[in-house]
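Since the structure comes first, as C-alpha cells, the remarks are kept for the end.
The values are calculated or read from the model by the stated rules, or taken from the named source; none is laboratory data. Just so we're clear, the structure is a prediction, and the values are computed from it rather than from any experiment. When we count neighbours, we look across all protein chains shown, and the Cβ atoms used for this are built from the backbone with ideal geometry, even at glycine.
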Amino acid sequence: HAVITGAVFTSHVPAIGAAMDHHKTEEPYWKPVFDGYAYSRQWQRENLPDVIFLVYNDHASTFDLSLIPTFVLGTGAAYATADEGYGPRPVPGIEGDPDLAAHIAHSLIRDDFDLTLVNEMTVDHGLTVPLSLMFGDVERWPCKVIPFHVNVVQYPVPSGARCFELGRALRRAVESYDRPLNVQVWGTGGMSHQLQGPRAGLINREWDNAFLDRLIDDPAGLARLPHLDYVEQAGSEGIELVMWLIARGAMSDVDGGGTVETKHRFYHVPASNTAVGHLILENHPRAETPGTEE
Ligand code: DHB
Ligand code: FE
C-alpha cells in the first residue's frame, strides 16, 4: 500500500519566486533565505517521493469572491501556472495523480470531509514557490503533485482543529491506497505576516518559534488554538499557518503508533513582508521502526 514518508513545511512568499526567476538568489538580501534551503534540496533529491500532496492556498488567482470553496482537492491530470499580473512564472505546471486523488476523494468524503473536487484551475505562488524552494530551477517537477487548496483568505475560514482532523483522515486515505507509492504531505504558507492595515509589516518571532516547537511536540494541543490567536499574534495572513496542521495531522505518530524525526528547521526574518519558517519531518510508521513496541 501507499505510505507517507515525510512532511515539508514552508512559507510561500511570492518575492522568493521572483528572486529565483530574476536570478537574485546570491544577492545579500536573498542569500540567507536560500542558504536555509540548501540541505532541503539535497534531502529532497535523496528522498524523492512518487507524489506530493501539496496543501496550499490560492490568493484570488483561481478562487475569488465569485467562488469560495473551503477545501479543494485537485483530481485533474495537470494544472498550469497562474498569471498573477506579470504573466505566469517561468516554472513548469504540475502533473497530478487522478487515480490517487480519486481514492483520497472517496476516503475523505466518506469520512465526512465535504471536499470540492476541481479538475481545471491554475496554481499560484502558494503552490509554485514551495516547489521552487525545494527543487530549484528545473525543466519539469520530478514527481507528481496533487494540489489541495484551503480557503484562508475569505472568512469564515476552517479552524486549526478541522485541518488537523483532515490530516488524520488523509493518512488513513493514503495508507488504504493499494499501490506501493511514497507520498509526501506538504503544509505551506505563513509564518507571521500582515500585508494590510495599520499593523502591516507585523512579525512575531517568539510566537512563530513557539508554533514550530508545538507543531513538532504538541500538534494536538496546537490544533486547539483559536483563529483569533493567529490573527492577533501572527497578523492577518498568519492564519495561513492552519494549513500546516493538515500535513502534521497526516504523520503517523499522531494516532498511527509511529514516530517522526525532525530533519531540518529554519527560521529567517524577513523575506518581503514575511517571516520564513521551514521544517522537514520524516515519518516512521510503526512497521518501519523495529525495536519500538508501542
Ligand atoms: C507576501 C506573503 C504572502 O504569503 C503572500 O501570499 C503574498 C505576499 C509578502 O510577504 O509579500
Ligand atoms: Fe500567502
* Structure fact -> Residue pairs qualifying under the 9 Å Cβ cut-off, at least six apart or on distinct chains, with the first in region 201-228 being more than 14 Å from GLY160 (Cβ to Cβ) and the second being among the aromatic types (Phe, Trp, Tyr) and buried (at least 18 other Cβ atoms within 10 Å of the Cβ), are LEU212/PHE9
* Asked: Can you tell me which residues in region 123-146 are within 16 Å of ligand 1 (Cβ to nearest atom) and within 24 Å of ASP50 (Cβ to Cβ)?
  -> VAL123, GLY126, LEU127, THR128, VAL129, PRO130, LEU131, SER132, LEU133
* May I ask you to list the residues in region 236-252 that are under 15 Å from GLN184 (Cα atoms) and surrounded by fewer than 24 Cβ atoms within 10 Å (Cβ to Cβ)? => SER252
* Condition check for VAL254: among the β-branched types (Val, Ile, Thr) and assigned to a loop (DSSP other than H, G, I, E, B) -> yes
* To do: Answer yes or no: is there a residue in region 134-146 that is surrounded by fewer than 18 Cβ atoms within 10 Å (Cβ to Cβ), within 16 Å of ligand 2 (Cβ to nearest atom) and at pLDDT 95 or above.
  => no
